[in-house]
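For reference, the structure is listed below as C-alpha coordinates.
The values are calculated or read from the model by the stated rules, or taken from the named source; none is laboratory data. All values derive from a computational prediction rather than experimental measurement. Heads up, the Cβs are rebuilt from the backbone with ideal geometry, glycines too, and the neighbour counts pull from every protein chain shown. Each accessible area value is taken on the protein alone, full model and side chains, heavy atoms only, with ligands, DNA and RNA left out. Shrake-Rupley method; radii C 1.70, N 1.55, O 1.52, S 1.80 Å.
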Amino acid sequence: METISIDFIKENNVDQLIPLCGLHSEYERVPFDSKGKEEKLRQFLFKENPALFCLVAMKKKKIVGYASYMIQFSTWDACNYIYMDCLYLIDSCRGFGIGQLLFDRIKEESKKLDIKEIQWQTPNFNTRAIKFYNRTGGHSKSKERYFLDVI
(Lines give C-alpha, C1' and ligand atoms only; values in the text may rest on other atoms or scores of the structure.)
Protein backbone atom coordinates (compact mmCIF):
# COMPACT_ATOMS: atom_id res chain seq x y z
CA MET A 1 0.00 0.00 0.00
CA GLU A 2 1.26 3.45 -0.89
CA THR A 3 1.83 6.12 1.74
CA ILE A 4 -1.35 7.35 3.37
CA SER A 5 -1.56 10.59 5.32
CA ILE A 6 -4.23 11.36 7.90
CA ASP A 7 -5.11 14.96 8.61
CA PHE A 8 -8.03 17.35 8.94
CA ILE A 9 -9.73 18.13 5.66
CA LYS A 10 -8.69 21.34 3.90
CA GLU A 11 -11.17 23.68 2.25
CA ASN A 12 -9.83 22.85 -1.20
CA ASN A 13 -10.60 19.13 -0.66
CA VAL A 14 -14.27 19.35 0.32
CA ASP A 15 -15.33 18.73 -3.28
CA GLN A 16 -13.65 15.29 -3.03
CA LEU A 17 -15.58 14.48 0.13
CA ILE A 18 -19.05 14.73 -1.43
CA PRO A 19 -18.69 11.68 -3.75
CA LEU A 20 -17.38 9.63 -0.80
CA CYS A 21 -20.44 10.63 1.22
CA GLY A 22 -22.55 9.37 -1.67
CA LEU A 23 -20.67 6.06 -1.75
CA HIS A 24 -20.98 5.77 2.02
CA SER A 25 -24.74 6.30 1.93
CA GLU A 26 -25.06 3.74 -0.86
CA TYR A 27 -23.02 1.27 1.22
CA GLU A 28 -25.38 1.83 4.16
CA ARG A 29 -28.44 1.56 1.89
CA VAL A 30 -29.79 5.07 2.46
CA PRO A 31 -30.58 7.80 -0.07
CA PHE A 32 -28.19 10.71 -0.58
CA ASP A 33 -28.66 13.98 -2.41
CA SER A 34 -25.42 15.87 -3.00
CA LYS A 35 -27.22 19.13 -3.87
CA GLY A 36 -25.90 21.95 -1.68
CA LYS A 37 -23.81 19.64 0.51
CA GLU A 38 -20.42 21.14 -0.36
CA GLU A 39 -21.54 24.63 0.69
CA LYS A 40 -23.13 23.40 3.90
CA LEU A 41 -20.14 21.24 4.85
CA ARG A 42 -17.78 24.19 4.29
CA GLN A 43 -20.00 26.28 6.56
CA PHE A 44 -19.86 23.78 9.44
CA LEU A 45 -16.27 22.59 9.03
CA PHE A 46 -14.44 25.88 8.70
CA LYS A 47 -16.16 28.40 10.96
CA GLU A 48 -14.42 29.71 14.08
CA ASN A 49 -15.97 27.09 16.38
CA PRO A 50 -16.71 24.21 13.99
CA ALA A 51 -19.75 22.05 14.56
CA LEU A 52 -18.10 19.24 12.61
CA PHE A 53 -14.56 17.91 12.32
CA CYS A 54 -13.43 15.75 9.43
CA LEU A 55 -10.27 13.71 9.14
CA VAL A 56 -9.29 12.42 5.73
CA ALA A 57 -7.02 9.66 4.53
CA MET A 58 -5.09 10.98 1.55
CA LYS A 59 -3.23 8.94 -1.06
CA LYS A 60 -1.50 10.89 -3.85
CA LYS A 61 -3.52 14.05 -2.99
CA LYS A 62 -6.79 12.13 -3.31
CA ILE A 63 -9.19 11.40 -0.44
CA VAL A 64 -9.59 7.63 -0.08
CA GLY A 65 -11.41 7.70 3.25
CA TYR A 66 -12.79 9.96 5.92
CA ALA A 67 -13.98 10.05 9.50
CA SER A 68 -16.15 12.85 10.78
CA TYR A 69 -17.06 13.65 14.35
CA MET A 70 -18.54 16.27 16.62
CA ILE A 71 -18.35 17.09 20.29
CA GLN A 72 -21.59 16.45 22.14
CA PHE A 73 -22.72 16.54 25.75
CA SER A 74 -24.18 13.71 27.82
CA THR A 75 -26.73 14.74 30.42
CA TRP A 76 -26.43 11.40 32.23
CA ASP A 77 -22.64 11.61 32.47
CA ALA A 78 -22.52 15.42 32.76
CA CYS A 79 -19.58 15.64 30.37
CA ASN A 80 -18.65 15.91 26.72
CA TYR A 81 -18.09 12.95 24.43
CA ILE A 82 -17.10 12.63 20.79
CA TYR A 83 -19.74 11.32 18.45
CA MET A 84 -18.16 9.75 15.37
CA ASP A 85 -20.70 10.37 12.65
CA CYS A 86 -18.94 8.62 9.77
CA LEU A 87 -15.97 6.41 9.06
CA TYR A 88 -15.70 5.31 5.45
CA LEU A 89 -13.01 4.04 3.08
CA ILE A 90 -13.26 3.38 -0.62
CA ASP A 91 -13.44 -0.32 -1.35
CA SER A 92 -9.89 -0.69 -2.69
CA CYS A 93 -8.42 0.78 0.51
CA ARG A 94 -10.16 -1.50 3.01
CA GLY A 95 -8.17 -4.09 4.91
CA PHE A 96 -4.90 -2.13 5.03
CA GLY A 97 -5.25 -0.52 8.47
CA ILE A 98 -6.38 2.88 7.18
CA GLY A 99 -9.66 2.73 9.12
CA GLN A 100 -7.64 2.04 12.26
CA LEU A 101 -5.43 5.07 11.51
CA LEU A 102 -8.52 7.29 11.21
CA PHE A 103 -10.03 5.81 14.36
CA ASP A 104 -6.75 6.21 16.29
CA ARG A 105 -6.54 9.85 15.23
CA ILE A 106 -10.02 10.50 16.64
CA LYS A 107 -8.88 8.87 19.90
CA GLU A 108 -5.82 11.14 19.86
CA GLU A 109 -7.99 14.24 19.35
CA SER A 110 -10.28 13.05 22.16
CA LYS A 111 -7.33 12.80 24.54
CA LYS A 112 -6.15 16.31 23.58
CA LEU A 113 -9.59 17.61 24.57
CA ASP A 114 -9.69 15.51 27.75
CA ILE A 115 -12.79 13.73 26.44
CA LYS A 116 -13.07 10.22 27.81
CA GLU A 117 -15.61 8.58 25.49
CA ILE A 118 -16.29 8.15 21.79
CA GLN A 119 -19.68 6.95 20.58
CA TRP A 120 -20.81 5.85 17.13
CA GLN A 121 -23.26 3.58 15.36
CA THR A 122 -23.31 1.30 12.37
CA PRO A 123 -26.11 -0.61 10.66
CA ASN A 124 -26.64 -4.10 12.08
CA PHE A 125 -26.08 -5.62 8.61
CA ASN A 126 -22.58 -4.11 8.34
CA THR A 127 -20.82 -7.13 9.80
CA ARG A 128 -17.40 -6.07 8.54
CA ALA A 129 -17.65 -2.76 10.42
CA ILE A 130 -18.97 -4.53 13.52
CA LYS A 131 -15.93 -6.84 13.52
CA PHE A 132 -13.64 -3.83 13.06
CA TYR A 133 -15.27 -1.89 15.91
CA ASN A 134 -15.11 -4.92 18.19
CA ARG A 135 -11.37 -5.14 17.49
CA THR A 136 -10.96 -1.47 18.48
CA GLY A 137 -12.20 -2.33 21.96
CA GLY A 138 -15.58 -0.73 21.39
CA HIS A 139 -18.71 -2.29 22.83
CA SER A 140 -22.28 -1.93 21.64
CA LYS A 141 -25.48 -1.02 23.40
CA SER A 142 -28.75 -2.00 21.77
CA LYS A 143 -30.95 0.93 20.92
CA GLU A 144 -33.21 1.90 18.08
CA ARG A 145 -32.42 5.13 16.31
CA TYR A 146 -35.43 7.23 15.33
CA PHE A 147 -35.73 9.96 12.73
CA LEU A 148 -38.38 12.66 12.53
CA ASP A 149 -38.65 15.09 9.63
CA VAL A 150 -39.86 18.43 10.92
CA ILE A 151 -39.99 20.32 7.64
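Val30 sits with roughly 80 Å² accessible to a 1.4 Å probe, with DNA, RNA and ligands left out of the calculation. Per-residue SASA remark: Arg42, around 70 Å² accessible (1.4 Å probe; ligands, DNA and RNA not included). The alpha carbon centroids of region 7-68 and region 105-128 are separated by 17 Å.
Exposure check, 1.4 Å probe, all protein chains in place: Phe73 carries approximately 120 Å² of accessible surface. Spacing of the modelled spin labels on Thr127 and Lys143, each 7 Å from Cα toward Cβ, amounts to 2.6 nm.
Scanning the chain for DSSP H helices at least 18 Å long along the axis (C-alpha atoms) with a Kyte-Doolittle mean no lower than -0.5 picks out 14-27.
Computed over protein heavy atoms with a 1.4 Å probe, the carbon and sulfur contribution to the accessible area of the chain reaches 51%. The magnitude of the dipole of the chain, with charges of +1 and -1 set on the Cβ of Lys/Arg and Asp/Glu and taken from the Cα centre, is near 400 debye.
Each semi-axis of the equivalent ellipsoid for the chain is √(5λ) with λ an eigenvalue of the Cα gyration tensor; in descending order they amount to 22, 20, 18 Å.
On a per residue basis, the convex hull of the C-alpha atoms belonging to region 48-112 measures out at 111 Å³.
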